[in-house]
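Accompanying notes for the structure given below.
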Amino acid sequence: MLDRLMRFTAALREAGVGVSPAEVADACRAALATGVNDREALRAALRATMVKSVSSRQAFDLLFEIFFPLAPLRADDRISDDELSEEVLAALIEEEEDRLPGLVGEAVERFAGISPGRPVSSAYYSYRTARAMDLDGLKRALVEALAETGDGPEVRREATRRMGQVSRLIDREVLSRLVAERGAEEMATALSIKLPEDVEIMHASSEELRSLRETVAPLAAKLVATLERRHRAKREGPLDFRATIRESLSTGGVPVNPITKRKRPERPEVVLITDISGSVASFARFTLQLLYTLSNELRGLRSFAFIDEVDEVTGVFNTGMDVEAVLREIAHSAKVVGTAGHSDYGSIFRSFDRRYSDSLGRRTTLIVCGDARSNYHDPGLDAFKRIAGSVKATYWLNPEPEGYWDTGDSMMAVFAPYCTAATEVRTLRQLHTFISEVL
């Protein structure tokens, strides 16, 4: 048990879940208290001692299924395929939750076709099982059966919920068989489990994007707390000599309590210019979403969006709308498309220099978000040099891997020398690091 728990801990750390030695010790004591016979109690105990954030929970649950799998279940293998489908439908109608796992286990045994040594993903075996079981047909039959006791959308929602249970059972049964065949470590590596904040935004699946959206709000709250702590720490100014001498009179002239001058913390004035063209749309969405949440903390934040024309979108942030409405308003109302409709950095830098140079100053931090791919247009370097030279610092956040910079139509090498720093930012964790360390 201890060996398995240590391997489980290593897999969690590999996935990005921070587990300290003290938490491992707590987990060992919790496992001893619950024992291994009650699997759900063990899951709850380990989760309570090893998981510190909501975003880590999905990775924990999946790795728990890998390292502490249920034994594969099977129903009576003497029934025919048609009878098996009928039994599954009956169990769904009657909500026989104790009987359903055995039926699904038998279906996986018959239909998945898991072969030792084949380098095939679990998703493929789940798909083969679902297709053989005809889950769409089962859902239609379930809706018809439930319609006798209800009607309309509620019946369809209930049918969807119960069929979702079948899909999850299929995935679990496939996974338990693959773990038994390949080993827990190999399966954990093959599934490439990542936390939402470590997913590459530009290549995220629709499900991963949903997880990312749920992660942005707590991530922003953490950033706000970090920035506030930093501002409080900066309030201590230089030594106030006169006040210290006066204070020392009460202690015989010994300056026991040095007095420092209070100073107002300087919050950054931030100007954000972000590419929202199709190639980086997902990245731009999360940059705007995060900075929208931080807008109250970042004094003087002004935001601009562009494709081949640039437009200010700061006013949209101040309308009181929720973040989803703000992003929709930017997409529909901002005048970011010029003549070509494709990224043209030279055009937007010249336009920005001409129209918005008054938004910049010596206390301004300028952030440019984009892949620097200008579709072989003139990069407008003279305009960018004037913009970068008029501010305190210029940071370029590029959502492409650094190895892709300066390939094809990328102009990163042209812009980078005039930036304070050019940084690869492909994930929310990297974006979090940049904002917490730079702003």
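Once phi is turned into ³J(HN,Hα) by the Karplus curve 6.51 cos²θ - 1.76 cosθ + 1.60 with θ = phi - 60°, what whole-Hz value does each residue of the range 238-245 show in order, with x for glycine and proline?
Values, residue by residue: x, 5, 8, 4, 5, 5, 5, 5 Hz.
Quick query: amide H of T274 versus all other amide H atoms, modeled in the peptide plane; which residues come in under 5 Å with a sequence gap of 5 or more or a different chain?
For T274, whose amide H was placed from the backbone, the distant partners under 5 Å are F304, A305, F306, C369.
In sequence order, what are the phi-derived ³J(HN,Hα) couplings for the range 350-367 according to the Karplus relation 6.51 cos²θ - 1.76 cosθ + 1.60 with θ = phi - 60°, rounded to whole Hz, with x for glycine and proline?
5, 5, 5, 4, 6, 9, 10, 4, 5, 7, 9, x, 6, 9, 8, 9, 9, 10
Quick check: the distance between the Cα centres of the range 411-426 and the range 137-185, to the nearest angstrom?
Rounded to whole Å, the Cα centres lie 49 Å apart.
Order 167-173, 143-149 from most to least packed using the mean count of other Cβ atoms within 10 Å.
Those peptides, ordered most packed to least, come out 167-173, 143-149.
Give me the extension gain from R140 to D240: residue separation times 0.36 nm, minus the current Cα-Cα distance, reported in nm with one decimal.
28.1 nm
Sort the following peptides by mean Cβ neighbour count (other Cβ atoms within 10 Å, averaged over residues), highest first: 370-380, 403-413.
Descending packing order for the listed peptides: 370-380, 403-413.
From the square roots a ≥ b ≥ c of the eigenvalues of the alpha-carbon gyration tensor of the range 394-439, which class results: rounded (a/c under 1.5), prolate (a/b over b/c), or oblate?
oblate
Taking R0 as 45 Å, what FRET efficiency do you get between E96 and D198 from their Cβ-Cβ distance, rounded to the nearest 0.05?
FRET efficiency, E96 to D198: 0.70.
Provide the packing ranking of 247-257, 156-166, i.e. peptides ordered by the mean count of other C-beta atoms within 10 Å per residue, highest first.
In decreasing order of mean packing, 247-257, 156-166 become 156-166, 247-257.
Which value, in Å² and to the nearest 10, is the accessible area of C28 when all protein chains are kept and the probe is 1.4 Å?
Around 30 Å² of this residue is reachable by solvent.
Using a Förster radius of 45 Å, what is the FRET efficiency between E148 and A22 based on their Cβ-Cβ separation? Nearest 0.05, please.
0.20
For the range 15-109, which whole-number percentage of the solvent-accessible area (1.4 Å probe, protein heavy atoms only) is attributable to carbon and sulfur atoms?
52 percent
With an 8 Å Cα cut-off and a minimum separation of 6 or more residues, compute the relative contact order for the range 98-188 in percent.
Relative contact order, the range 98-188: 40 percent.
Counting Lys and Arg as +1 and Asp and Glu as -1, what is the net charge of the other residues whose Cβ lies under 13 Å from the Cβ of V256?
Neighbour charge sum, excluding V256 itself: 0.
Using a ≥ b ≥ c from the Cα gyration tensor of the range 362-439 (square roots of the eigenvalues), is it rounded, prolate or oblate, where a/c under 1.5 gives rounded and otherwise the larger of a/b and b/c decides, a/b for prolate?
Taking the square roots of the gyration eigenvalues as a ≥ b ≥ c, the range 362-439 is oblate.
Using a 1.4 angstrom probe, figure out how much accessible area the range 344-439 has per residue, in square angstrom, rounded to the nearest whole.
42 Å²
How would you classify the range 1-147 from its alpha-carbon gyration tensor, with a ≥ b ≥ c the square roots of the eigenvalues: rounded for a/c under 1.5, else prolate if a/b is greater than b/c, otherwise oblate?
Prolate, because a/c is 1.5 or more and a/b exceeds b/c.
The values are calculated or read from the model by the stated rules, or taken from the named source; none is laboratory data. All figures in this text were calculated on a predicted structure; none of them were measured in a lab. Every residue, glycine as well, gets a Cβ built from its backbone with ideal geometry; the counts of neighbours run over all protein chains shown. Remember, those area values only see protein heavy atoms, side chains included, never the ligands or the DNA or RNA. Shrake-Rupley method; radii C 1.70, N 1.55, O 1.52, S 1.80 Å.
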